[in-house]
1. Hey, can you tell me all the residues within segment A:197-209 that are part of a strand (DSSP E or B) and either among the aliphatic types (A, V, I, L, M) or within 12 Å of chain B (Cβ to nearest Cβ) (or both)?
2. When the residues of segment B:16-58 are narrowed to those that are among the β-branched types (Val, Ile, Thr) and over 21 Å from the mean Cα position of the chain (by Cα), which ends up farthest from B:Phe231 (Cα to Cα)?
3. Identify all residues within segment B:15-45 that are assigned to a loop (DSSP other than H, G, I, E, B) and among the hydroxyl-bearing types (Ser, Thr, Tyr); write none if there are none.
4. Just checking, how many residues over segment B:252-297 are within 13 Å of chain A (Cβ to nearest Cβ) and assigned to a loop (DSSP other than H, G, I, E, B)?
5. Kindly indicate the residue of segment B:199-258 that is over 27 Å from B:Thr21 (Cα atoms) and among the hydroxyl-bearing types (Ser, Thr, Tyr) and also surrounded by the most Cβ atoms within 10 Å (Cβ to Cβ) among those meeting that condition.
6. In segment A:66-106, how many are charged (D, E, K, R) and within 20 Å of the chain's Cα centre (by Cα)?
7. If you go through segment B:210-251, how many residues are assigned to a loop (DSSP other than H, G, I, E, B) and away from every other protein chain (no Cβ under 14 Å)?
8. Would you check which residues across segment B:98-119 are surrounded by fewer than 13 Cβ atoms within 10 Å (Cβ to Cβ) and either under 19 Å from B:Glu28 (Cβ atoms) or within 14 Å of chain A (Cβ to nearest Cβ) (or both) and list them?
There are 2 protein chains.
Amino acid sequence: MTRPKVDLTIVGSIGIDTIATPTARREEILGGSVSYACAAASFFTQTGMVGVVGTDFPAAFRQVWENMNIDLEGLQVEEGKTFRWSGVYEENMDNRTTLSTDLNVFENFSPELPDDYRDAPYLFLGNIHPALQLHVLEQVRNPKFILIDTMDLWINIDKEDLAKVIGKCHMLTLNESEARLFTGEQTLGKAAKQLLAMGPEYVLIKKGGNGSMLFTRHNVFLLHAYPLDSFEDPTGAGDTFAGGLMGALAASGRCDEDAIREAMLYGTITASFGVEEFSLDRLQRLSREEIEQRTAEFKEMCRI
Amino acid sequence: MTRPKVDLTIVGSIGIDTIATPTARREEILGGSVSYACAAASFFTQTGMVGVVGTDFPAAFRQVWENMNIDLEGLQVEEGKTFRWSGVYEENMDNRTTLSTDLNVFENFSPELPDDYRDAPYLFLGNIHPALQLHVLEQVRNPKFILIDTMDLWINIDKEDLAKVIGKCHMLTLNESEARLFTGEQTLGKAAKQLLAMGPEYVLIKKGGNGSMLFTRHNVFLLHAYPLDSFEDPTGAGDTFAGGLMGALAASGRCDEDAIREAMLYGTITASFGVEEFSLDRLQRLSREEIEQRTAEFKEMCRI
């Protein structure tokens, strides 16, 4: 059997973002879940991107991905404008408000996987409409491990399709407020039990600057975030975390709990670099050696 | 040299609390920082309580402490009423509002340590006026390790005295909002650096349900909270955490970073039991075996 072209396929949104934080503002920068996730995964494994951009998409942005050795065969270019998003962060950077969302070519996105991607053993279904996530699942052949992400919008408007696609995945990730919204449970342990009952073996709850929690039917794994002295922009942190995790997991060739725990460390550390600067600014000049060094430091911070 | 009567002295407030949560309400229950902290420490080491109650203090409350083998030689009984506090918790249990505070005999509290307590190697200065904390420090002889707690009130009205007493202690504990208030720094790493510069070797930042962070001049230790499926009342959780920590540390006879990391585990687990029910209801029928069992389970949850 020949080795597939990519070890990890990632599907998600590509956007051009305008972001204001309490101390800075950037216009028309590269963003989107699949952009952050692929960039993070690219440090660990051969990664293929599935997403859509408009004909206005800057060549320089495409070059950033190419420089990171991300496979772009799954990138669709459609007539029209690329998805735009604009948001502003509050003082403590914990909360943000969306100012505008222009779906543009993303509105009619239908993710089609190149034949080369369909045998990739690892798949990360980024946050898009659950019906589109189902459409991706119909295309893949014998995937070894599928991670699915989602958001409050789909929980609110299409819980049924969402439950259906979650039931076909190995791991679900969502943030703590989404876990509470989805289940109506206040404590995360109870929320995770409900979500595990929908089918996945693992539920990974993201808590932003407070870390993450991995639940299985029998175990819990608790991981802090890496404590940064300063950061510029938390946009895409969850996608960077999940992308780094999936990249490291794909590189390990495993999908057991111990391998996922280790991969969560790499996801955490990759995300800690990502938020240091806007867009992919920090990630595109990050080295694997820097990741390894901070990961070793982080392990010592968590040593009991 | 004879062994001191107690290994750990704890000074703080004693209150009779009326507490409302979204699902329950309790009137006139046993509370106060020194009550929670001594109860937690009593599982690990011989602990002496320094605090004040009024002549109205119920014999049944005193009996709870005696049953837990807490030494009460440092307990003062003054003519008048015991300190009363009343508060209500919001839906998510993260925020609470104080409805009333009646200092009563606590208003003129002057902590006097029995001679037997002055040689105790471990001292926990609970949250009282910094001038009173200084007064305690004048009474102790060659303490090995002193932990100091404080609150936003003293940061706002008497920062100078507070800085003076912190400079004489080995470890400072406060919660994340207090660390930010004290230093004006948003990130906890920067806040901790400022606080360490005031003199203590260790700064322990409490994050409630999100765990705790220990900072030294060279290292950071990150610890999650124990994930509970449900809990009744978070009142006193920080005091229970710190009391359990100091009890376990005193029992170890050490005060190095590794010993503090281990003691933080015990503090976390003792607090996780404490919040399961109101007041000392759960702690007074808790066994050391239950603590050890949950601590072992917790270690596995944090294993990388």
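1. Taking segment A:197-209 first, the residues part of a strand (DSSP E or B) are A:202-206.
A:Val203, A:Leu204, A:Ile205 - these are the residues of segment A:197-209 that are part of a strand (DSSP E or B) and either among the aliphatic types (A, V, I, L, M) or within 12 Å of chain B (Cβ to nearest Cβ) (or both).
2. Only one residue fits best here, namely B:Thr55.
3. B:Thr21, B:Thr23, B:Ser42, B:Thr45, listed by residue number.
4. Final tally of qualifying residues: 2.
5. B:Tyr202
6. So the answer is 6.
7. Total satisfying the criteria: 4.
8. If we filter segment B:98-119 for residues that are surrounded by fewer than 13 Cβ atoms within 10 Å (Cβ to Cβ), which is where we start, we get B:98-100, B:107-108, B:110, B:115.
Listed by number, the residues that qualify are B:Thr98, B:Leu99, B:Ser100.
The values are calculated or read from the model by the stated rules, or taken from the named source; none is laboratory data. Everything numeric in this text was worked out from a predicted model, so none of it was measured. Cβ atoms come from the backbone with ideal geometry, glycine included; neighbour counts cover every protein chain shown.
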